[in-house]
Amino acid sequence: MLRLTVPTIEEDDQAAVREVLASGYLVQGPKVKAFEDAVAKYVGAKHAVAVSNCTAALHLALLALEVGPGDLVVVTSYSWVSSANAIELCGAQPVFTDIDPTTCNMDPDSLSKVMTRLRSTAETRTKVKAILPVHAFGQVADMRRIMEIANEHAVPVVEDAACALGASLSGKNAGTWGAMGCFSFHPRKAITTGEGGIVTTESDELAWQLKALRNHGQDPYLPTPEFVMPGYNYRLTELQGALGLSQMGKVDRIIAARRAAAQIYDKLFSRGALSPLAVSEGSEPVYQSYVALLSGDSRAARDGLIKRLREQGIEVNIGTWHLPMTSYYRKKYGYEPGDFPGTDTVFESALSLPLFEGLTAGSQNEVYTKISSALGELAASSS
Ligand SMILES: *Cc1c(COP(=O)(O)O)cnc(C)c1O
């Protein structure tokens with residue numbers, strides 16, 4: 001099976017983990033600290049606070065901003081479920097914006113409308129506590145406009161940068177635009193710690209909150225334990241810290257390989273069949289996934305196409321999720337098809353293709369050929 005993704009785990013990564021195992025010191029310690037320092041430096045942020053995964057990162061970022069019951073957080077509608085779940089886990093309500101269907105990122109016009117609406121009624125005016133854009137598939141959202149709108153309303157921004165380590169827009173890195181940036185090291189991302197996450201921030205105060213919240217509410221800087229709030233155990237292990245540090249040593253190489261492979265797909269699919277996502281001017285995506293959209297005619301065949309390709313040994317998948325139309329959010333808040341037209345279209349037509357460092361041009365060619373012929377066959381059998 002040609003897998004959707006295969007993490008790059010090499011001998012030095014394994015040696016780093018073995019060394020920790022042999023040391024007997026397994027919980028958050030010097031390896032996690034070194035990993036945090038490496039990520040902070042790479043992203044260009046003052047602080048990086050490691051946590052057990054990016055869902056925990058998003059949860060703590062919102063708690064650090066004191067998001068709580070009755071509050072509202074504005075979030076993009078097309079993402080992994082964590083982006084909305086983190087809000088709901090704080091007892092707050094996600095308010096969705098539509099996406100730009102050419103990039104899959106938060107549509108600033110939609111954000112502007114949502115903010116104006118929420119800020120114009122007495123009931124919701126003071127309730128909007130954060131804006132949560134997602135850097136979809138590793139391309140930075142339109143942060144220039146999103147920050148403008150956020151600043152206009154004086155609402156802090158948390159970036160869901162789960163897929164975007166190393167991505168930038170206008171030379172500014174993912175994770176440095178908002179008050180905090182949240183990254184994931186799940187095996188579907190470019191580098192991995194098995195499970196893992198990090199929050200980046202410039203703020204000493206937010207970093208203090210995050211460090212206390214991830215470790216049982218213990219003051220992170222006092223020499224003797226002092227428990228100053230009810231916290232979580234969202235710590236990363238030393239095994240993961242060591243793996244992350246080792247992975248950071250190869251992050252640029254891995255991203256370069258992913259970008260090169262994405263270019264090959266771009267070229268192959270420029271002959272039709274699928275349209276690659278648009279890359280905005282000044283944007284340097286890292287291609288956490290290579291996602292392309294099926295054209296109107298072949299959209300109906302998408303699920304059949306995924307099944308057929310898997311039978312032929314090629315793992316392809318949908319892009320990501322239409323959050324307002326997932327059961328929980330649809331039922332709780334009464335969303336309907338048509339509420340987010342850009343997301344409706346993309347959710348039906350997106351296809352994510354195999355992409356990882358070791359992917360060969362030959363395999364990419366095979367993906368292209370098999371998709372093209374499967375689309376032809378599916379069109380013939382439906383007409
Ligand atoms: C992967 C992902 C997450 C969750 O990350 P975990 O580390 O698996 O918790 C959140 N948001 C987005 C956009 C993601 O792609």
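The values are calculated or read from the model by the stated rules, or taken from the named source; none is laboratory data. Just so it is clear, the model here is predicted, and its values are computed rather than measured. In this analysis, Cβ positions are derived from the backbone assuming ideal geometry, glycine residues included, and neighbour counts consider all displayed protein chains.
Which of the residues spanning region 257-278 are basic (Lys, Arg) and either part of a strand (DSSP E or B) or over 21 Å from the mean Cα position of the chain (by Cα) (or both)?
Across region 257-278, the qualifying residues are Lys267, Arg271.
May I ask you to list the residues in region 318-327 that are surrounded by fewer than 17 Cβ atoms within 10 Å (Cβ to Cβ) and either at positive phi or touching a residue at least 40 places away in the same chain (Cβ under 8 Å) (or both)?
Answer for region 318-327, where residues must be surrounded by fewer than 17 Cβ atoms within 10 Å (Cβ to Cβ) and either at positive phi or touching a residue at least 40 places away in the same chain (Cβ under 8 Å) (or both): just Thr326.
Please state which of the following conditions Phe96 fails to meet, knowing it meets all the rest: (1) within 13 Å of the ligand (Cβ to nearest atom); (2) aromatic (Phe, Trp, Tyr); (3) touching a helix residue (DSSP H, G or I) at 6+ places or on another chain (Cβ under 8 Å).
Of everything listed in (1) within 13 Å of the ligand (Cβ to nearest atom); (2) aromatic (Phe, Trp, Tyr); (3) touching a helix residue (DSSP H, G or I) at 6+ places or on another chain (Cβ under 8 Å), Phe96 misses just condition (1).
Return the total of residues in region 123-179 being more than 14 Å from Leu62 (Cβ to Cβ), touching a Leu at 6+ places or on another chain (Cβ under 6 Å) and more than 16 Å from the ligand (Cβ to nearest atom).
Residues that pass the stated criteria total 2.
Which condition does Tyr329 not pass, out of (1) part of a helix (DSSP H, G or I); (2) closer than 20 Å to Ser349 by Cα, if it passes all the others?
Condition (2) is where Tyr329 drops out.
Which one of these is within 16 Å of the ligand (Cβ to nearest atom) and more than 30 Å from Val6 (Cα to Cα): Leu236, Leu210, Leu243?
Working: Leu236 fails: more than 30 Å from Val6 (Cα to Cα); Leu243 fails: more than 30 Å from Val6 (Cα to Cα).
After ruling out the rest, the residue left standing is Leu210.
Looking at Phe356, Phe347 in this structure, which one is among the aromatic types (Phe, Trp, Tyr) and not in a loop (DSSP other than H, G, I, E, B)?
Only one candidate passes the filter, namely Phe347.
Out of (1) free of Cβ contacts under 8 Å to residues at least 40 places away in the same chain; (2) more than 30 Å from Arg3 (Cα to Cα); (3) crowded, with 20+ Cβ neighbours inside 10 Å, the odd one out for Arg119 is which?
(3)
Got a sec? Which of Val6, Val43 is under 24 Å from Ile191 (Cβ atoms), touching a Ser or Thr at 6+ places or on another chain (Cβ under 6 Å) and either at pLDDT 95 or above or of a type in the set (A, V, I, L, M, F, W, C) (or both)? Break it down into steps so the answer makes sense when it comes.
Numbers: Val6 fails: touching a Ser or Thr at 6+ places or on another chain (Cβ under 6 Å).
Every option except Val43 fails the conditions.
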